[in-house]
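Inspection log for the structure reproduced underneath, given as structure tokens.
Values quoted throughout were computed directly from the atomic coordinates according to the rules given, and no laboratory measurement underlies them. Because the structure is predicted, anything quoted here is derived from the model rather than measured. In this analysis, Cβ positions are derived from the backbone assuming ideal geometry, glycine residues included, and neighbour counts consider all displayed protein chains.
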Amino acid sequence: MRTAFCCLLLATSVLAEIHVSTDFEGGNAEVVTLDQTTQTLRIMPKLHEGRGWPCWWYFKVDGLKPGESFTLEVQAQTKPFRDSQVLAAAWCQPKHAWLSSDGETWSPSDAGTLSADKVMRYTLKPATASLRLAWGPPFVPGDAEKLLTEIASKLPDSKRFELAKTRDGRPVNGIRIGDENAPHQVWVGSRHHAWEAGGSQVGRGFIRWYASDEAKALRAKTCLHYIPIMDVDNAAIGAGGKEAMPRDHNRDWADEPIYPEVAAAQKRIAEIHQKHGLDAYIDLHNPGANDGIFFFGPFAFERMTGIQQRNYKRWMELAAANITTPRPVEPKYRFATYVKTEEERARMSSGWVRNHTSDFTLSVTLETGWNSPLMSVEGYSNIGAGLGHALAAYLAENPRRE
């Protein structure tokens, strides 16, 4: 009897130990240290060679003690992601970790504290023995599939499509809403950089608003092409994607792209514009840790004239009037001055679209800040709905008018 009791105690002790797993879509973490006694786990984003920035992390912890303190520490990946470049710690250290007990509902932790040795520490008191923790509210290819299925069910006349198969054989899926011969044509997409999950969250808010009764008049005169994730391969494995080798998706809009999905997007956009004209291209991203919500505009904005100047100016006015919660969008364009050459600017998706369409075409990037508890699933969704309102007001004025 005593032997059996001891074995039971041993088994209970083993089961109570903390266990970290990343064997699910979007999972990424490399355990640096794990102290079972103090309930302290230190991780860093796992480096996927050649797959871009090691900044995204998302993992599951089992064996927690409900109601007792658990400390999560996050440090920068120590290995270079490209040549000799080691990514700065700020990219992987949000002020708040994001927590979920079911993988569906996400909430921010209390603010972490950054030590002198550049380690971010989050003190948590989990209510359950199992917990998912992430850099931000995740949006993985499975979420994209659920969203497209939801929208297609709500709008039976919409048409789902496969843009392309990735280099690793995964589908890049989208949906077309509206008559393909509609008087206005729009392309909205996100995740040219896989780590920027907030872009897909904004996109989800946008497409749900677009499918609502509120947008019925807009749908009647518009054909929308929507892609929830462009860099599906890296989103699936939890890699960062940005500055991947030899280049990332948002620098691949060249004459000969290396990614099949970029080549397919170029082909479709060119066909749309040739047949009908493209009114707007909107690319959804996340910016730096200290940024809010803003649009990157065209470098030539100050030199623009005529219809082109009018449309870019009017878009910014309408965006500022409609994207107001949980934070207002900045009322003026920013410009990606860190991109130094015209050749590289032309290989950015928004630059390529601008160079291959007409003066009436609007081509912009929406950058939504992530380093705040306001950037919840609901917060991102509100930004997406605001984007929809801005688009409706913009097209109502007919950007093609002389």
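In percent, rounded to a whole number, the relative contact order of the chain is 17, using alpha-carbon pairs under 8 Å and six or more apart.
Each Lys and Arg Cβ is given +1 and each Asp and Glu Cβ -1; about its Cα centre, the chain then shows a dipole of about 400 debye. 3J(HN,Hα) couplings calculated from phi for the stretch 197-214 with the Karplus curve 6.51 cos²θ - 1.76 cosθ + 1.60 (θ = phi - 60°) are, in sequence order, 4, x, x, 5, 5, 4, x, 5, x, 5, 5, 5, 5, 4, 8, 7, 4, 4 Hz; Gly and Pro show x.
Once the Cβ-Cβ distance of Gln309 and Glu343 is raised to the sixth power relative to R0 = 22 Å, the FRET efficiency obtained is 0.30.
Within the set [x] 1.06; [y] 1.02; [z] 0.93, the number that Rg/Rh (Cα atoms, Kirkwood Rh) takes when calculated for this structure is listed as [y]. In this structure, the amide hydrogen of Gly292, modeled 1.01 Å from its nitrogen in the peptide plane, lies closer than 5 angstrom to no residue at least 5 positions away or on a different chain. Annotation: extensible slack from Ser84 through Ala152 equals 19.9 nm (criterion: 0.36 nm per residue apart, minus Cα-Cα distance). Of the residues Cys223, Cys55, the one with the fewest other Cβ atoms within 10 Å heads the list, and the complete ranking is Cys223, Cys55. In summary, the lysines within cross-link reach of Lys118, defined as a Cα separation below 22 angstrom excluding same-chain residues under 8 places away, comprise Lys46, Lys79, Lys95.
How do Lys95, Lys154 line up, fewest other C-beta atoms within 10 Å first?
Ascending Cβ contact count within 10 Å gives the list Lys154, Lys95.
Here's the list of lysines a cross-link from Lys154 could span, going by alpha-carbon distance under 20 Å and ignoring same-chain residues fewer than 8 apart: Lys146, Lys216, Lys221.
Extension gain, Arg160 to Thr105, is 17.1 nm, computed as 0.36 nm per intervening residue step minus the present C-alpha separation. Neighbour counts of C-beta atoms inside 10 Å place Glu271, Glu317, Glu261 in the sequence Glu271, Glu317, Glu261, starting with the fewest. Compared with the direct C-alpha span, the chain from Arg170 to Ser358 gains 64.4 nm at full extension, assuming 0.36 nm per residue.
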